[in-house]
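Reading through the structure tokens given below for one structure.
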Amino acid sequence: MVLGISPIYHIAAEPHSLRTGSFTITLSPGKLLGEAAQKVASVIPVDEPISWEVYIPESYGAESPAGIVVYVSPSQSGRPPRGWTSVMDEHNLIWIGANKSGNRVLVSRRVMKAILALNAIQQEYVLDETRIYVAGFSGGGKTASMIATDYADTFDGGFFVCGVEFWNVDEPQHFKAIQSNRYVFLTGERDHALEPTKRVYRNYRDAGVPHIQLVIVDDMGHDNPPRREISRAIEFLDGGASRLR
């Protein structure tokens, strides 16, 4: 694991007039974890406020728990890029992205904010714990791929857009979980990250990770993908048929 800790979950209380749509939540590690916040204090101080941008589908209900996409942005905003919120509605997924977690922020802090995002959501909302995904674009995609493998027992899949890294050991600690999970590698035909993305995809394949998909979007550069490709990626993470290229 990157930080040598495991996520600490809180069980959500029975929902009552829960917010849907887009909003910001701000909590400190101390508020989220109590005494256990000392485990993360070397990365994020116990009393430091962390803000996340959240989108809850209007159809959310505890009787049909939503999955979640924890998003790592290359920018300082955790807001969803274009096309994402309608896909969250379509696939019954919650969105959460940390603010002030862009490429200039230490990787350890970006990772911790992504892990704590799950705790923040579970304060109030019930999750489908078989559909916990991490995603990111560009440098955020690279960080998301680190989270996906270092915390493969927590995240069921990863969606890496125009940026991805391969693990730097012969066999990662959670390799069996990695083999069970599902991963989408998406890049553009004109993306400067095209060849690195293809190379990491091949690394996963050669390492024996079976549930992987490489998508190369025609005439796309280093950019957020079209909505249809986001939706297809989610379908694959949810267990849909492969569309290898």
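The numbers here are math on the coordinates, done by the rules we state, and not lab data. Keep in mind that what you see is a predicted model, and the values were worked out from it rather than measured. Here Cβ is always computed from backbone atoms with ideal geometry, including for glycine, and neighbour counts include all displayed protein chains.
Tabulated results
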quantity: Within the chain, percent of DSSP bridges classed antiparallel, to nearest 5; calculated: 30
quantity: Convex hull (Cα only) mean projected area of the stretch 80-123, reported in nm² to one decimal; calculated: 3.7
quantity: Selection from Ser64, Thr154, Ala135 lying farthest towards where the dipole of the chain points positive, charges on Cβ; calculated: Ala135
quantity: Debye, to nearest 20: dipole size of the stretch 115-245, +1 on Lys, Arg Cβ, -1 on Asp, Glu Cβ; calculated: 340
quantity: At 1.306 mPa s and 10 °C, Stokes diffusion of the chain via Kirkwood alpha-carbon radius, µm² per second; calculated: 89
quantity: Cβ charges +1 (Lys, Arg) and -1 (Asp, Glu), total dipole of the chain, debye; calculated: 580
quantity: Fewest-first ranking of Leu118, Leu106, using other Cβ atoms within 10 Å as the exposure measure; calculated: Leu106, Leu118
